[in-house]
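Colleague: Below you'll find the structure I mean.
What follows draws every value from the coordinates through simple rules; no lab data is involved. It should be emphasised that the depicted structure is a prediction, and the values quoted were computed from it without experimental measurement. For neighbour counting, all protein chains shown are included, and Cβ atoms are generated from backbone atoms with ideal geometry for every residue, glycine included.
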């Protein structure tokens, strides 16, 4: 009997031990956290490891950095932009385009629970964000370009493992010996408080929201939709005990200031944002889209959000489409003895068919058949109708049969942004080698003497055995025409 009791205790002990081991194993794989400038974000899909690559949800990561994120479901294409940078990525494709320049990703974007995730490393490389992976607590730390290094006197960046702080690596695959495992303990370093917030109020005289403070603050501002609002986060600030209007956050979630007499601003709300690490957040509730200008004067201790009436939308835009060459000027002759002028016209007519239904676009073609307007005729026409943009379509040729690929050209600096935007759509649409967008070394009449943003597109090389057969296909021409039409609408803020 004693033997059976002993055996029973052994079995019970093994069950308890195995249960504890299972619980420990589960505890060793916590859900990763995503922490931006000391504040924990709450994505619906958390970061996760994919073969030692940290994947993060692109929308919550970039929108909290002030970027706008758009997703084209038909193309499975994600566009991240902030007016200065434009990043275009396609689900399951490792090549992304930053301002038209191709960049390779360690892992292509993927869809998880209807959210797009991208490699953490690529987020840092493309948008200039400092990104760190704390392998001990399985957390992603991001520091925006404008945020002070938290490791300096003004803040708290992940430190070297010898300091006992966060592990300063952007990807677990870059850990010791490439094993993806780090042995130093990880700790969350809360951001240092550098400024006290004393008062917030609306000044109807200047149509501004004014935040008074002392010390130093580094605000983060961005817009949100549905409903429309302006958000100001203060990661390194705190509410002073005498903050006005006073609010007790132990009793309520937020303070509230109603605003009367402004066309767009309805109210101002203020609260603490974040979970483990909280920071002040101010929200300006709007009843319509409205521009603003943020100015920070540390000397006066004043942060001002000046509301600016948005410019009225232009009701009608004039677009000049130019099919290069024509008539007595065949342009380049392809390997199969076809004339470039025919390719150019075919694409332009397809663009016309796509945009004809756009009520706010007035299309003007320099030619619609096999005629030859001179270069002077083309730019003079565009200038005389005061066109908003000018697009000239071409195919290229070179003495070397090995030269191939897609290019976009501009001449004047006021055309550069349009060239970047168009190339980010145009080059992927051809499916050919991407040679980038560039300033033409020799002045092109149609991009030099026009008075509006003007670009010249070279779809591919008719002298290339790789490019030429594809250029004459309906499939490529349709894709290119759609990309050009989309680029035009995006340039005019119609999409």
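Colleague: Given 5 Å bins starting at zero, what is the percent of C-alpha pairs of the range 195-308 in each, up to the one with the largest pair distance?
Modeller: Whole-percent P(r) values from 0 Å outward: 2, 11, 23, 27, 20, 12, 3, 0.
Colleague: How big is the gap, in Å, between the Cα center of the range 56-97 and the Cα center of the range 210-225?
Modeller: Taking the Cα centre of the range 210-225 as reference, the centre of the range 56-97 is 25 Å away.
Colleague: So, one more: Could you compute the FRET efficiency for residue 400 and residue 95, with r as their C-beta to C-beta distance and R0 at 25 Å, rounded to 0.05?
Modeller: 0.50
Colleague: Between residue 44 and residue 349, what is the label-point separation in nm under the 7 Å Cα-to-beta-carbon projection?
Modeller: 4.6 nm
Colleague: Considering only C-alpha atoms, what is the centroid distance from the range 406-457 to the range 282-360, in Å?
Modeller: For the range 406-457 versus the range 282-360, the Cα centre distance is 13 Å.
Colleague: If R0 is 56 Å, what FRET efficiency do you get for residue 278 and residue 412 from their C-beta distance, rounded to 0.05? List each step's numbers first, then the result.
Modeller: Working: r = 49 Å, r/R0 = 0.87.
Once rounded, the FRET efficiency stands at 0.70.
Colleague: Hey, any idea what Rg/Rh is for the range 317-491, computing Rh the Kirkwood way over Cα pairs?
Modeller: For the range 317-491, the value is 0.93.
Colleague: Provide the percentage of antiparallel DSSP beta bridges, counting only those with both residues in the range 308-446; round to the nearest 5.
Modeller: Just about 10 percent of them are antiparallel.
Colleague: State the extension gain, in nm to one decimal, for the chain segment bounded by residue 267 and residue 474, taking 0.36 nm per residue of separation less the distance between their alpha-carbons.
Modeller: Stretched out fully, the residue 267 to residue 474 stretch lengthens by 69.1 nm.
Colleague: What FRET efficiency, computed as 1/(1 + (r/R0)^6) with R0 = 25 Å and r the Cβ-Cβ distance, is obtained for residue 494 and residue 288, rounded to the nearest 0.05? It would help to have the intermediate numbers written out before the result.
Modeller: Details: r = 19 Å, r/R0 = 0.76.
Efficiency at R0 = 25 Å is approximately 0.85.
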